[in-house]
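Quick notes on the structure that follows.
Values quoted throughout were computed directly from the atomic coordinates according to the rules given, and no laboratory measurement underlies them. Treat the numbers as computed from the prediction; the structure is a model and nothing was measured. Cβ placement follows ideal geometry from the backbone for every residue including glycine, while neighbour counts extend to all protein chains displayed.
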Amino acid sequence: MRSFARALRQVRAPSGVHRGALSHTGLGKDGKVLILGNSVADYSRNAFHGREIGRYLNQSTVLSRSLSTPAANDSEVSNYAGGAGPLSEYERRIASGELVDGDDFQVDTIQELQRLYRELAELEESCQLDRYTASKKSQRSRWLWSRLIPQSSYSPVKGLYLYGGVGTGKTMLMDLFFDQLPSNWRKKRIHFHDFMLNVHSRLQMHKGVSDPLEVVAGEISDESILLCVDEFMVTDVADALILNRLFRHLFSEGIVLVSTSNRAPDQLYEGGLQRDLFLPFIETLKERCVVHAIGSSTDYRKIGSAEKGFYFIGKGHTGFLKQKFQHLIGHDKPGQQVVEVVMGRKLQVPFGANGCAYFPFEELCDRPLGAADYFGLFKNFHTLTLDGVPRFGIHNRTAAYRFVTLVDVMYENKARLLCTAEASPVELFESIVTVADAQKISPRTSSRSQKKDDVDLCVDNELGFAKDRTISRLTEMNSREYLEQHEARLQEKASGEAHLNGVVVEA
C-alpha cells in the first residue's frame, strides 16, 4: 500500500472495508416478521473478503502504474482547469477511502473518461461547449433557417458508451466525470426514462411540424451539447422507432453522448417488436461513441450492511407495515392526495403525509402506469411504502416490468422504500430468465414450450437482464449506508427550510 500512496502523492486513509463498515448482523427477526438483512449482502461480503481484498491489495502496484501512466499527458487539462478531471477526483476518493482501490476495470474506465475530458477541453470552441458563446438564436428560428440552408455539424469528439454488469460503478464513474466538467459548459445529466419522457413531451408541443424530431433535436442541442444519459435501455416500441432518427438529428447538431447501460449496443432492444427498424440506431451509436465494457464481476451495491432495512418478508404483515408508515409520518394525518404527472395526467395517492406515500402493490404496478407517473410521484414524496410485492413470473410479467421501472426511478431520485414482499429480491425474480438461461434449464423451455414444473417460467431477455439491476438496487436501498444518507438529506433539507423561514420571519 505504501507504493500506491506514493503514486497518489497523498496519505491514504484506511479503506471503509477496514473500518468495520462491512459488519453485519444477518437476518433480523421480529416475531413472525422476517426482515431482509444480509442474505444477499453476506454472500457478497464473504466472497469479497475471501477473494477480492487480497487481489486488490496485491495489485496496488499495478493500479499505481495504471493511474500514473496518463499523468504526463494531462498537463493540458491541468493548465485548462487547474489539474481537474475525473482521474484526479478518482485518485482523491481512493486515497481518502471513499472508494475501494485496485479495481482494474474501473481504472480502465476512468482513463477513458479522462481521455474524453481532455479532448473536450482541447476542442471546447469547436464543440461549442461554452454556453456564453453559443448561438443565441431561438430554436424555432434556427429550425426555419436550417430549412433554407441545410447544415450538419458533427462533433469532432466521439462520445462514450459504457456498459457492464450491475453495481460495477458505471453510474458513479459517469457522475464523477460530469461533476468535474466546467460550470459554463452546455451539459446535462439525465436518466434514460426521464430523457424519453422529455422527448415525447416536446413532440406533443410540435405537432403539425413536418419533422418534429428535428425541432426537438435542435431544442435539446441548444440546451446541452454534452449529454450524459444513465441506464440506456430500450423496452418500449414507441421509443425504439424514434431513437434512430432522433439521434441522427442530435449527432448532426453536434451532440456528444456519454451513456451507461447494462447491455452492449448489439444487445439493445433484443427480441423487440420491429427490431429491424431499430438496428440502424445501433450502427449510428457505435459510429458516434467509443464503446467500452466494464468487465468487473463485483457488485459494489451489495458490499454494505443492511442492519436497518425496511424490506419485510412474508404474507399478512399489512398491519405491521402501516405501523411503520405511521411512525415515519409522525403526528401528520395521512389522506388521499393527487400528484401532477406530465401532459395533464394525474396520479391518485391512496395515503400520503409528510413526504411519505402508501400504496398497495396492485395500485402502483398492476395498473397502466409508467415512468412518467413514478417520476411525478417522487417529485412529491421521498419515501414509498409498498404493500404486497409478489413473486414474478409469466402470469404477472407486465407488473414485473413496472416494478423494475419503479425501482429505477426510486433509485434515480434517491428515495426510501418500505415494503412487504413474498420473498427476498433474488427469489422474487427466480422465474424470470433470459433465453440463454432457459436453454441451460431446458431446450424446450427456451423455445417457449412449457413443462409442468415450468408453468410460471417467464422467458424474457429484457426482463431477464433488468432483474439483476433491480435485485442489486433493492439490496443497496435496504442497506444502512443508503438509509443513513437518505436521513442526512432529509435533515439537510429541513435545516435549509428552517433557515429560510427564519430569514423570512426576520424580514
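I need the semi-axes of the equivalent ellipsoid of segment 139-289: take the C-alpha gyration tensor, multiply each eigenvalue by 5, square-root it, list largest first in whole angstrom.
24, 20, 14
Check which residues have an amide H placed less than 5 Å from residue 389's amide H, if you skip close sequence neighbours.
420, 421, 422
Can you compute 3J(HN,Hα) from phi for each residue in segment 264-278, using the Karplus curve 6.51 cos²θ - 1.76 cosθ + 1.60 with θ = phi - 60°, rounded to whole Hz and x for Gly and Pro?
5, x, 5, 9, 4, 6, 5, x, x, 5, 6, 5, 4, 7, 8
Which net charge results for the neighbourhood of residue 419, defined as the other residues with beta-carbon distances under 12 angstrom from its beta-carbon, given Lys and Arg at +1 and Asp and Glu at -1?
0
In whole Hz, with x marking every Gly and Pro, tabulate ³J(HN,Hα) for segment 205-217 from phi via Karplus 6.51 cos²θ - 1.76 cosθ + 1.60, θ = phi - 60°.
Result, rounded to whole Hz: 5, 10, 4, x, 7, 4, 9, x, 5, 5, 5, 4, 4.
Over 22 Å between Cα atoms, which of 158/187; 158/188; 322/467; 158/414; 379/493 qualify?
Violating the 22 Å Cα-Cα cut-off are 322/467; 158/414.
I'd like the Karplus ³J(HN,Hα) series for segment 355-372: coefficients 6.51, -1.76, 1.60, θ = phi - 60°, whole numbers in Hz, and an x wherever there's a Gly or Pro.
Coupling constants for segment 355-372: x, 10, 10, 10, 9, x, 3, 4, 6, 10, 10, 9, 10, x, 10, x, 4, 4 Hz.
What spacing in nm lies between the two simple spin-label points modelled at residue 427 and residue 494, each 7 Å away from Cα in the Cβ direction?
If labels sit at residue 427 and residue 494, their model points lie 3.5 nm apart.
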